[in-house]
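Read-outs: derived from the displayed coordinates by stated rules, not from any lab. In this text, all values refer to a predicted model and were calculated from it rather than measured experimentally. Backbone-built Cβ (ideal geometry, glycine too); neighbour counts: all protein chains shown.
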Amino acid sequence: MQDIVEFGTTIQHMVRDGREIAVAMAGIPSAVKPLLAANEGKNPVTFLRRANRIEIGLISENEVARALREPVEAAGWSWTEDALSAACEATGGYPFMIQLVGQYAFRNSDGDEIAIDAVEKGVGDARRRLGELVHEPSLADLSQVDRTFLVAMSHDDGPSRIGDVAERLGVDAQYAGKYRRRLIDAEMIQPAGYGFIDFELPYMREYLRSHPASDAMGQFSMWPEEES
């Protein structure tokens with residue numbers, strides 16, 4: 001955070017001096033919002049609010065394949081058909097996962113062709129890295145109650161019914177609905193049809209299931225007191 005603040009301050013000074021400069025930055029929305037939040041009018045990067053923000057969203061399967069294939073071919077390498085298909089599926093269309101899966105599949109390949117075994121190992125490496133860079137900090141910014149709600153969701157293999165989540169937590173639907181709204185606003189979950197919710201970030205369910213904190217947060221009988 002401090003590095004970004006210092007960078008933003010430097011850019012702002014250059015803009016004020018009339019320097020010809022262009023800056024492109026990328027980040028997940030849940031991390032960008034607090035960065036731009038006001039800090040008693042002294043946040044040096046609030047000028048970035050005037051920047052043109054583009055929400056990329058999920059990438060189509062064809063574009064994922066193109067994004068994975070073209071850099072590899074430019075380096076004189078290639079994918080096997082099954083390896084490219086598996087890599088595309090593993091990204092879930094999530095932009096950062098495209099970068100991670102491609103990077104680690106390339107690193108794990110033997111020779112100038114990326115085969116399925118390199119993809120399988122690369123996907124595991126990519127998921128761990130995604131956990132370190134995205135899941136862990138995203139969860140750290142949440143309250144204990146919010147995290148417990150997410151753990152309750154992680155017990156489902158697909159979208160969770162809000163009534164089931166409330167039952168696991170031992171609370172009524174209205175109370176659970178408050179945290180549903182909070183987590184949607186935080187872009188951690190998304191509506192998935194009437195009465196259902198799902199994770200916004202790819203592999204968050206798997207991360208919560210495997211992370212040691214899941215065991216501690218999974219004691220739903222210890223549901224925390226409602227926060228103000």
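For this structure, a couple of remarks:
- Treating r as the C-beta distance of T80 and E187 and R0 as 41 Å, the FRET efficiency rounds to 0.70.
- Förster radius 35 Å - calculated FRET efficiency between Q174 and A67, Cβ distance, rounded to 0.05: 0.20
- All other residues whose Cβ lies under 11 angstrom from that of S78 are scored, Lys and Arg at +1 and Asp and Glu at -1, for a net of -3.
- Structural descriptor for the stretch 68-141: relative contact order 30 percent, calculated from alpha carbon pairs under 8 angstrom and at least 6 residues apart.
- Peptides 110-122, 4-16 ranked from most to least packed give 110-122, 4-16, packing being the mean of other C-beta atoms within 10 angstrom over each peptide's residues.
- Count Lys and Arg as plus one, Asp and Glu as minus one, and take only other residues whose Cβ is under 10 Å from that of Q103; the net charge is then +1.
- Once the C-beta distance of R53 and E132 is scaled by a Förster radius of 41 Å, the resulting FRET efficiency is 0.95 to the nearest 0.05.
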